[in-house]
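Take a look at the structure set out below.
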Amino acid sequence: MRVLSIKAKSTFFVCFHHSCNNTVTLSLKQMQQQLKNVDCIVEVHDARIPMSGRNELFRSTLLGVRPHLLVLNKCDLIEKDMQPVILKALTDNGVTSDVLFTDCRTPQGSGVVDVVPAIINKVTDIYRYNRESEKSFNLLVIGVPNVGKSSLINVLRNYHTKKKKATRVGAVAGITRSLLTKIHVCYDPPMYLLDSPGILEPQVRNIEAGFRLALCASMQDHLVGVINIADYLLYWLNKHGHFSYVEKMGLPGPSDDIIELLTLSALKLQKFIKYKDMSKGGLVVQRPNIEAAAVKMLKMFRQGELGLFVLDTDFLPSAHNKPL
């Protein structure tokens with residue numbers, strides 16, 4: 001079994017370095033300024049990466065100041081019997097916050113109905129300082145990009161107020177660009193949520209954690225490269241004995257060569273790129289579009305078509321950290 005290539009690691013670090021800028025600091029400052037008007041912090045994260053993707057800057061600057069609820073969204077993309085395993089792993093790693101698993105694609109999604117009661121339970125009996133006389137509750141929603149923060153706000157708003165979505169939602173990391181005004185999401189009790197731009201930690205000390213963030217679309221694909229991300233996905237699937245991609249992508253068998261795999265997939269999908277071959281006098285020829293095949297492979301993973309996986313296997317108990 002091959003290891004992740006040095007080239008892939010180097011590419012990730014270069015791309016990640018260029019993708020980080022002062023918006024991280026600015027967004028944290030914006031959120032810190034809002035804390036005096038906040039009763040509870042709701043941290044949304046991707047259930048597939050419950051440990052490695054969580055932003056340490058949140059813990060050091062925001063958490064502990066106000067009651068905290070951890071919402072692990074996209075739980076429909078992991079096996080349900082993994083939820084208690086994840087809870088134990090979080091506890092073993094010092095996470096003491098209340099944790100909910102949700103699927104925020106629709107108001108009927110798993111765990112959606114439990115969010116507001118969990119928040120009420122967190123804030124009902126606490127001293128609210130300057131907000132003690134207020135009848136309404138203000139919540140700050142935080143998390144890294146593309147984990148479902150805006151989806152959570154919209155689904156709560158729809159479920160409890162029957163109103164349509166109030167924040168823009170998309171599959172691209174970083175849709176929410178600035179701290180929004182209050183969004184009314186519940187009438188009884190009156191509850192308002194502040195959405196925040198996704199904040200990614202400016203340093204990724206673990207290369208695998210970085211690639212997992214990219215694989216779960218918490219970084220824009222073009223910053224790391226779809227072929228590099230697909231290469232990590234292939235490496236992870238093979239390492240853990242998950243070979244459903246063979247049938248799903250119409251391959252003759254497992255492979256550890258991402259270029260070979262994507263070439264075969266592009267041929268099957270009839271995806272080609274036309275270009276002029278100057279060595280043949282400018283003759284227009286075509287080659288397999290491996291980038292399109294990589295995009296297709298990533299889309300299949302992100303929609304659960306390749307299987308339901310928790311990527312943070314290194315944080316799980318040994319019984320859940322072995323190839324099938």
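The values are calculated or read from the model by the stated rules, or taken from the named source; none is laboratory data. Because the structure is predicted, anything quoted here is derived from the model rather than measured. Note that each Cβ is placed from the backbone with ideal geometry, even for glycine, and that neighbours are counted across all protein chains shown. Note: accessible area is taken over every heavy atom of the protein model, side chains too, but ligands, DNA and RNA are not part of it. Shrake-Rupley method; radii C 1.70, N 1.55, O 1.52, S 1.80 Å.
For ILE49, the conditions (1) at pLDDT below 90; (2) part of a loop (DSSP other than H, G, I, E, B); (3) surrounded by 16 or more Cβ atoms within 10 Å (Cβ to Cβ) are fulfilled apart from (1).
Of the residues screened, LYS276 is one that is surrounded by fewer than 17 Cβ atoms within 10 Å (Cβ to Cβ), out of contact with any Lys or Arg (no Cβ under 9 Å at 6 or more places or on another chain), of a type outside the set (Gly, Ala, Ser) and assigned to a strand (DSSP E or B). Among residues of the stretch 241-256 that are under 11 Å from GLU305 (Cα atoms), those with a Cβ under 8 angstrom from a residue that is part of a loop (DSSP other than H, G, I, E, B) and of a type outside the set (Phe, Trp, Tyr), sequence gap 6+ or separate chain, pair up as SER244/LEU306; SER244/GLY307; TYR245/LEU251; TYR245/LEU306; LYS248/GLU305; LYS248/LEU306. Check whether at least one residue in the stretch 126-134 is of a type in the set (A, V, I, L, M, F, W, C) and surrounded by fewer than 21 Cβ atoms within 10 Å (Cβ to Cβ), and report yes or no. Yes: one or more hits.
Could you say whether any residue in the stretch 108-116 is in contact (Cβ under 8 Å) with a residue 40 or more places away in the chain and farther than 20 Å from ARG48 by Cα? Scanning the stretch 108-116 turns up at least one residue that is in contact (Cβ under 8 Å) with a residue 40 or more places away in the chain and farther than 20 Å from ARG48 by Cα. Residues in the stretch 293-324 that are among the small types (Gly, Ala, Ser) and modelled with pLDDT of 95 or more: ALA293, ALA294, GLY304, GLY307.
Residues in the stretch 282-297: is at least one of a type in the set (A, V, I, L, M, F, W, C), part of a loop (DSSP other than H, G, I, E, B) and open to solvent by less than 20 Å² (accessible area, probe 1.4 Å)?
no
Can you spot a residue in the stretch 274-293 that is within 23 Å of PHE309 (Cβ to Cβ) and either out of contact with any Asp or Glu (no Cβ under 7 Å at 6 or more places or on another chain) or among the basic types (Lys, Arg) (or both)? Looking through the stretch 274-293, at least one residue is within 23 Å of PHE309 (Cβ to Cβ) and either out of contact with any Asp or Glu (no Cβ under 7 Å at 6 or more places or on another chain) or among the basic types (Lys, Arg) (or both).
Restricting to the stretch 135-181, name every residue that is of a type in the set (Gly, Ala, Ser), at pLDDT 65 or above and crowded, with 16+ Cβ neighbours inside 10 Å. Selection gives GLY143, GLY148, SER150, SER151. Filtered by the rule that a residue be part of a loop (DSSP other than H, G, I, E, B) and either modelled with pLDDT of 95 or more or surrounded by fewer than 18 Cβ atoms within 10 Å (Cβ to Cβ) (or both), the stretch 243-270 gives PHE243, GLY250, LEU251, PRO252, GLY253, PRO254, SER255, ASP256, ASP257, GLN270.
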